[in-house]
Amino acid sequence: MNPKLGDDPTLLQRLADAYSDAKRMGLTQDVLLTEFLHLEAQIPGFYRKPVISKWLEKTGASIEDRFTDLLDVLLKEAERAQEVR
């Protein structure tokens, strides 16, 4: 966990807004909501970035499937970055 988060005066409101937005988008699974909020804490407004919002709003698969795919990609990218070090 990032120790700077405790000093972030915007954190609580950002998490509350992100939670509302995630629910509005259709996330219902607690584990995915938790991951969504964790990402918001680490990367403010991550889901509002054009490439991410376009992916999450894409028709076809459910929001939960698309968000799970996003988490998989982020995990693979993190693993790749660790290998480079």
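So in region 1-16, with the set limited to residues that are outside any loop (DSSP other than H, G, I, E, B) and open to solvent by less than 70 Å² (accessible area, probe 1.4 Å), which one is modelled with the lowest pLDDT? Of everything passing the filter in region 1-16, Leu5 is modelled with the lowest pLDDT.
Of the residues making up region 17-25, at least one is open to solvent by 70 Å² or more (accessible area, probe 1.4 Å), at pLDDT 95 or above, more than 13 Å from the chain's Cα centre (by Cα) and not hydroxyl-bearing (Ser, Thr, Tyr). Listed by first and then second residue, the pairs linking a residue in region 63-84 that is without any contact (Cβ under 8 Å) to a residue 60 or more places away in the chain to a residue that is open to solvent by 80 Å² or more (accessible area, probe 1.4 Å) and assigned to a helix (DSSP H, G or I), with Cβ atoms under 7 Å apart and 6 or more places separating them unless they lie on different chains, are Arg66/Trp55; Leu70/Trp55. Look through Glu35, Glu79 and report the one residue that is part of a helix (DSSP H, G or I), modelled with pLDDT under 90 and among the acidic types (Asp, Glu). Among Glu35, Glu79, only Glu79 is part of a helix (DSSP H, G or I), modelled with pLDDT under 90 and among the acidic types (Asp, Glu). Considering Val31, Val84, the condition of being among the β-branched types (Val, Ile, Thr) and open to solvent by 100 Å² or more (accessible area, probe 1.4 Å) is satisfied by Val84 alone. For region 38-64, a residue qualifies if it is outside any helix (DSSP H, G or I) and within 22 Å of Lys4 (Cβ to Cβ), and the qualifying residues are Ile43, Pro44, Gly45, Lys49.
The values are calculated or read from the model by the stated rules, or taken from the named source; none is laboratory data. Here the structure is a predicted model, which means the values were calculated and not measured. A quick note on method: Cβ atoms are made from the backbone with ideal geometry, for glycine too, and the neighbour counts reach across all protein chains shown. Each accessible area value is taken on the protein alone, full model and side chains, heavy atoms only, with ligands, DNA and RNA left out. Shrake-Rupley method; radii C 1.70, N 1.55, O 1.52, S 1.80 Å.
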